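*Asks:* Sharing a structure here in structure tokens format.
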Amino acid sequence: MCSQHEESSPLISGRTKGSSQPVPGSECSTDGAKTSFNQSVFNIAKMCMGSGTLGLPFGASQGGILFNVIGLFFITTYNIYSVERLIKSFGYIQQYKVRSFLSNDVERNRSNQGINATVQNTAGDGIDQPIVNHQDEPLSSGTFGKLAWYAFGSIGLHTIDAIMIILMFGIVIAYEDAVLSFLMQTPLTTGSKGYDAALVFLVITPFACISEFQLIAKFSVFGIFIIIGVFIVVANYGIRSNGMCGFSQITSKDLLPTSLTAFSHWFGVVAFSYGIVPFAFNLQESMAEPTQMNRATQIACMVVFLVYIAIGDVIAIIFLPSTRDHGFEGDVLSVLPNNWISTMVRLAMSLVMVTTIPLILVPTGDLLLGKIGMKPNHKYASKVSLSLRLFVCATGASISAILPNFVYVISFLGCFCVALLSFAYPPLVHLVCFYKYCPRDERQANSYHLYMDLFLLLLGTVATAFTSFLTYSNLMKEL
């Protein structure tokens with residue numbers, strides 16, 4: 001998750017989009033080159049297949065080989081549905097703004113003629129009275145935040161921003177924890193986890209100071225090829241060590257989760273390994289054909305589903321003879337021996353993490369800057385934003401020194417932040433926008449949305465609360 005696409009679609013945009021459009025709600029991104037449909041499919045898939053994939057064999061061993069396939073398919077379709085719900089919700093708002101603009105325009109013209117037909121015009125179109133004033137919308141927020149503002153007001157916007165801050169801060173911690181765990185298994189370790197954490201912070205600091213990071217962003221594209229190389233090395237080592245015996249040693253105990261805690265670990269890792277829902281609008285705004293976002297998501301997510309089965313189940317089965325008693329205890333690199341090939345692989349993955357962290361740090365600093373009330377054009381904004389980024393980076397390094405392997409961290413982030421934003425929030429916001437911004441006749445014709453959204457809202461909320469509690473409890477035990 002969040003690995004390679006942020007360079008073309010920043011999480012937080014400091015520019016106001018569409019301000020010159022004559023009709024409210026017709027905003028479109030004009031920043032940079034637009035991506036074709038095929039490029040968009042690749043970008044969506046690439047965004048999913050980030051460093052979180054290193055935890056998929058751990059997730060498969062926790063969830064069970066058969067359950068992992070079934071669960072992956074369910075999570076895949078849930079992500080597709082959630083993206084569609086978000087886009088549809090913002091579409092309701094845009095249509096409402098257009099209708100409101102046209103209705104007000106007619107009202108002004110008739111008022112100039114001494115005719116007041118506002119009530120009749122509104123009732124005839126089946127449009128509710130204006131609920132929000134679009135002129136007051138938070139222009140500095142991205143579309144994801146604006147959607148929360150239109151649905152729930154300023155409280156909703158601040159809540160979503162807070163969850164996004166926790167998520168991005170958590171990703172920084174997880175990535176620093178990963179670099180730390182890789183470093184400790186190489187000759188470059190100082191022998192002390194605290195000193196290694198300080199070394200990780202010093203390595204990341206120069207990258208965190210870069211705001212215009214196009215070169216870093218372009219380099220991070222190669223991260224996916226490094227990840228593919230990592231799994232080739234891991235699979236080759238597993239086959240040389242165990243042969244293909246794992247495929248003949250599968251028992252009924254290997255098919256399903258062995259406990260509720262194991263299920264929660266699986267759920268968190270898989271949810272984190274997708275995580276495209278919070279960034280759906282960023283991806284859509286980068287497309288030359290934004291109306292094709294749902295179709296692009298469907299194709300990309302199904303491709304990712306097949307890749308994740310190969311990465312998760314196949315690797316878990318290959319290592320089944322040597323991990324049957326304890327399973328994968330961490331990321332997939334933890335099964336490699338300490339030799340020069342493994343060292344090169346770990347250093348390569350560390351480089352991917354180090355160059356990816358700034359892509360998360362910059363929008364985190366910008367979001368925190370807005371929360372403390374400082375505008376982007378303030379003369380000290382850049383210095384304060386840099387200070388906030390360094391603070392997040394230093395705090396993350398300090399916390400990573402006391403945390404276990406990073407798969408436990410991404411499991412908790414997946415259960416709490418990603419599940420909340422991807423599985424509970426989309427049906428909820430669609431319900432609200434459906435009843436707030438749809439004409440009455442359209443609501444009556446599509447009332448079946450109510451039952452599906454209510455079911456998925458309940459399911460997403462229960463899954464988020466239940467798995468978050470279990471993974472947090474287990475994380476505390478591992479400290």
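*Asks:* Inside segment 277-384, counting only helices (runs of 4 or more DSSP H) that do not spill past its ends, which hold 3 or more residues that are touching a residue at least 24 places away in the same chain (Cβ under 8 Å) and under 25 Å from Leu167 (Cα atoms)?
*Replies:* Output list reads 280-285, 293-309, 340-371.
*Asks:* Let me ask something else. What do you reckon, is Leu347 more than 24 Å from the chain's Cα centre (by Cα) and surrounded by fewer than 18 Cβ atoms within 10 Å (Cβ to Cβ)?
*Replies:* yes
*Asks:* Among the residues of segment 52-76, which ones are over 15 Å from Gly414 (Cα atoms), of a type in the set (Val, Ile, Thr) and at pLDDT 95 or above?
*Replies:* The answer is Val69, Ile70.
*Asks:* Do any residues in segment 77-96 that are aromatic (Phe, Trp, Tyr) have Cβ atoms under 7 Å from those of residues that are in a helix (DSSP H, G or I), where the two are at least six apart or on different chains, and which pairs are they?
*Replies:* Between residues of segment 77-96 that are aromatic (Phe, Trp, Tyr) and residues that are in a helix (DSSP H, G or I), the close pairs are Tyr78/Phe423; Phe90/Thr143; Phe90/Leu147; Tyr92/Cys433; Tyr92/Phe434; Tyr92/Tyr437; Tyr96/Tyr437.
*Asks:* Here is a check on your reading of the model: is Phe247 touching a residue at least 60 places away in the same chain (Cβ under 8 Å) and either within 17 Å of the chain's Cα centre (by Cα) or crowded, with 23+ Cβ neighbours inside 10 Å (or both)?
*Replies:* When the stated conditions are applied, Phe247 does not pass them.
*Asks:* Being closer than 29 Å to Ala198 by Cα, surrounded by 24 or more Cβ atoms within 10 Å (Cβ to Cβ), within 17 Å of the chain's Cα centre (by Cα) and among the aliphatic types (A, V, I, L, M), is that true of even one residue in segment 416-437?
*Replies:* Checked segment 416-437: at least one residue is closer than 29 Å to Ala198 by Cα, surrounded by 24 or more Cβ atoms within 10 Å (Cβ to Cβ), within 17 Å of the chain's Cα centre (by Cα) and among the aliphatic types (A, V, I, L, M).
*Asks:* State yes or no: is Leu139 over 26 Å from Leu403 (Cα atoms), of a type in the set (A, V, I, L, M, F, W, C), assigned to a loop (DSSP other than H, G, I, E, B) and at pLDDT below 90?
*Replies:* Numbers: over 26 Å from Leu403 (Cα atoms): yes; of a type in the set (A, V, I, L, M, F, W, C): yes; assigned to a loop (DSSP other than H, G, I, E, B): yes; at pLDDT below 90: yes.
So Leu139 fits the description; yes.
*Asks:* Would you tally the residues in segment 53-89 being aromatic (Phe, Trp, Tyr), surrounded by fewer than 23 Cβ atoms within 10 Å (Cβ to Cβ) and farther than 14 Å from Gln298 by Cβ?
*Replies:* 2
*Asks:* Right, something else. Answer with yes or no whether Phe412 is of a type in the set (Phe, Trp, Tyr), in a helix (DSSP H, G or I) and within 21 Å of the chain's Cα centre (by Cα).
*Replies:* yes
The values are calculated or read from the model by the stated rules, or taken from the named source; none is laboratory data. All values derive from a computational prediction rather than experimental measurement. Positions of Cβ are backbone-derived with ideal geometry, glycine not excepted, and every protein chain shown enters the neighbour counts.
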